[in-house]
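Student: Below you will find the structure I want to go over with you.
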Amino acid sequence: MSQTSSTEEKLDHLKHYFVDSDQQFEASKMGMWIFLVTEILFFGGLFVAYIVYRSWYPELYLLASEELHTFWGAVNTAVLIGSSLTVAMAIRSAQLNQIKGLIINLWITIGLALTFMVIKYFEYSEKFAKGILPGSAYSYEGIEHEKANIFFSIYYMMTGLHGVHVLIGIGLMLWLVFKAKKKVFHSGYYTPVEITGLYWHLVDIIWIFLFPLLYLID
Amino acid sequence: MSGHHISSAKFLWGIALALFMLTFLTVAVTWIHIPSPWNVVVAIAIAVVKALIVAAFFMNLYWDSKFNVILFVMSIAFFLLMIGITLLDTLYRTDPIPSF
């Protein structure tokens with residue numbers, strides 16, 4: 001696998017139990033899609049919690065979302081969409097054998113992902129300073145609702161789990177950069193780039209729903 | 001059916017631009033204060049359109065094997081089932097809402 005031979009066929013990546021490179025690629029991609037199905041249902045449970053509590057306390061959601069800054073939520077949405085673009089460009093570079101472009105696009109993606117996390121860090125620390133903490137640790141007095149902590153427990157669980165996914169994504173991208181520098185990827189083999197891209201786009205899709213559901217309640 | 005669809009850079013930028021514009025739109029509609037519940041419907045509708053654009057053209061489902069499309073659609077179907085069955089309980093409880 002990590003062999004850096006420059007043979008003509010470049011089939012180092014091909015496992016003996018696959019007929020050819022394409023079959024191996026399709027099998028990996030299908031496996032990733034099955035994983036993404038479990039991810040959708042994993043986040044799905046939290047979305048159900050969000051919906052159930054919103055149906056019970058609609059007025060709470062209106063009040064509590066005032067504490068979230070729509071501007072920074074929108075910036076983070078744009079940052080993640082931008083990173084989805086750079087991941088798609090990274091895959092395109094790999095498909096065209098442009099390894100330098102692949103590495104550059106991966107670095108931009110990592111930079112955007114870190115930007116997202118830094119913005120999230122400032123959002124969290126501003127809330128922590130006010131005493132807006134999840135569950136029983138909640139001590140903020142600014143919201144006239146006895147269940148105010150529930151909204152923020154859901155907020156922290158959803159954005160927190162999403163943030164963990166962004167961090168894992170950063171780790172995967174760093175691994176891809178490392179692999180790409182070792183000249184592992186070429187137009188005939190870029191499966192890890194493709195399936196990491198699928199993962200990253202799903203993380204983007206989840207944020208696309210989190211943003212209006214948490215920040216844009218007016 | 002081809003798993004190796006290569007999108008042009010121009011196309012990918014176009015998709016991103018559409019997503020940026022829809023993000024702006026979803027923020028802009030909150031300024032005109034659409035009455036409830038339509039504000040939620042509009043917000044979700046825009047999010048669904050954005051998600052479908054990402055799935056179809058960034059995740060390449062548009063060109064991908066139909067099996068992967070079925071996987072994605074089924075996950076959404078089961079997610080909706082999870083929402084529906086849970087709401088059948090929580091929306092129709094006669095007892096007061098639990099303390100948590």
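Student: So, A:G160, is that one part of a helix (DSSP H, G or I) and either of a type outside the set (G, A, S) or surrounded by fewer than 23 Cβ atoms within 10 Å (Cβ to Cβ) (or both) or not?
Tutor: Yes; evaluated as a whole, the condition is true for this residue.
Student: To continue, here is another question. In this structure, is B:L12 modelled with pLDDT of 95 or more, surrounded by 13 or more Cβ atoms within 10 Å (Cβ to Cβ), facing chain A (nearest Cβ under 7 Å) and over 17 Å from the mean Cα position of the chain (by Cα)?
Tutor: yes
Student: Go through A:A113, A:A94 for me and flag whichever is within 24 Å of B:N60 (Cβ to Cβ), touching a strand residue (DSSP E or B) at 6+ places or on another chain (Cβ under 8 Å) and either modelled with pLDDT of 95 or more or assigned to a helix (DSSP H, G or I) (or both).
Tutor: A:A94 is the lone residue from the list that is within 24 Å of B:N60 (Cβ to Cβ), touching a strand residue (DSSP E or B) at 6+ places or on another chain (Cβ under 8 Å) and either modelled with pLDDT of 95 or more or assigned to a helix (DSSP H, G or I) (or both).
Student: If you scan the stretch A:43-81, which residues turn out to be in a loop (DSSP other than H, G, I, E, B) and either modelled with pLDDT of 95 or more or touching an Asp or Glu at 6+ places or on another chain (Cβ under 9 Å) (or both)?
Tutor: Residues satisfying the conditions are A:L68, A:H69.
Student: Any idea which of (1) surrounded by 13 or more Cβ atoms within 10 Å (Cβ to Cβ); (2) facing chain A (nearest Cβ under 7 Å); (3) not basic (K, R) is the one B:A18 doesn't satisfy?
Tutor: The failed condition is (2).
Student: Among the residues of the stretch A:125-137, are any surrounded by fewer than 17 Cβ atoms within 10 Å (Cβ to Cβ), under 30 Å from B:S7 (Cβ atoms) and touching a residue at least 12 places away in the same chain (Cβ under 8 Å)?
Tutor: Among the residues of the stretch A:125-137, not one is surrounded by fewer than 17 Cβ atoms within 10 Å (Cβ to Cβ), under 30 Å from B:S7 (Cβ atoms) and touching a residue at least 12 places away in the same chain (Cβ under 8 Å), which makes the answer no.
Student: Assess whether A:T86 counts as being more than 11 Å from every other protein chain (Cβ to nearest Cβ), hydroxyl-bearing (S, T, Y), more than 16 Å from A:H162 (Cα to Cα) and crowded, with 16+ Cβ neighbours inside 10 Å. Talk me through it step by step, then tell me what you get.
Tutor: Working: more than 11 Å from every other protein chain (Cβ to nearest Cβ): no; hydroxyl-bearing (S, T, Y): yes; more than 16 Å from A:H162 (Cα to Cα): yes; crowded, with 16+ Cβ neighbours inside 10 Å: yes.
For A:T86, the condition - more than 11 Å from every other protein chain (Cβ to nearest Cβ), hydroxyl-bearing (S, T, Y), more than 16 Å from A:H162 (Cα to Cα) and crowded, with 16+ Cβ neighbours inside 10 Å - is not met.
Student: Here's a follow-up. Return yes when B:L25 is at pLDDT 95 or above and either surrounded by fewer than 14 Cβ atoms within 10 Å (Cβ to Cβ) or not in a helix (DSSP H, G or I) (or both) and no when it is not.
Tutor: yes
Student: Another one. Inspect the stretch A:52-66 for any residue being free of Cβ contacts under 8 Å to residues at least 40 places away in the same chain, more than 10 Å from chain B (Cβ to nearest Cβ) and β-branched (V, I, T) and give the result as yes or no.
Tutor: There is no residue in the stretch A:52-66 that is free of Cβ contacts under 8 Å to residues at least 40 places away in the same chain, more than 10 Å from chain B (Cβ to nearest Cβ) and β-branched (V, I, T).
Student: Just give me the residues in the stretch A:33-46 being more than 7 Å from every other protein chain (Cβ to nearest Cβ) and either surrounded by fewer than 20 Cβ atoms within 10 Å (Cβ to Cβ) or of a type in the set (D, E) (or both), in sequence order.
Tutor: A:F35, A:T38, A:E39, A:F42, A:G45, A:L46
Student: Here are the criteria: (1) farther than 22 Å from A:L80 by Cα; (2) surrounded by 14 or more Cβ atoms within 10 Å (Cβ to Cβ); (3) at the interface with another protein chain (Cβ under 10 Å from one of its Cβ atoms). Tell me which single one B:I85 does not satisfy.
Tutor: Answer for B:I85: the failing condition is (2).
Student: Still on this structure, please answer the following. Of all residues in the stretch A:173-194, count the ones that are of a type in the set (A, V, I, L, M, F, W, C) and surrounded by fewer than 21 Cβ atoms within 10 Å (Cβ to Cβ).
Tutor: So the count comes out to 5.
Student: Another question about this same structure. Being of a type in the set (V, I, T) and within 27 Å of the chain's Cα centre (by Cα) narrows it down to one residue among A:I132, A:I143; which is it?
Tutor: Unique residue meeting the criteria: A:I132.
Student: Okay, next question. Just the residues that are closer than 30 Å to A:I217 by Cα and of a type in the set (S, T, Y), please, taken from the stretch A:87-116.
Tutor: Matches in the stretch A:87-116: A:T109, A:T115.
The values are calculated or read from the model by the stated rules, or taken from the named source; none is laboratory data. None of the values given here were measured: they were computed from a predicted structure. In this analysis, Cβ positions are derived from the backbone assuming ideal geometry, glycine residues included, and neighbour counts consider all displayed protein chains.
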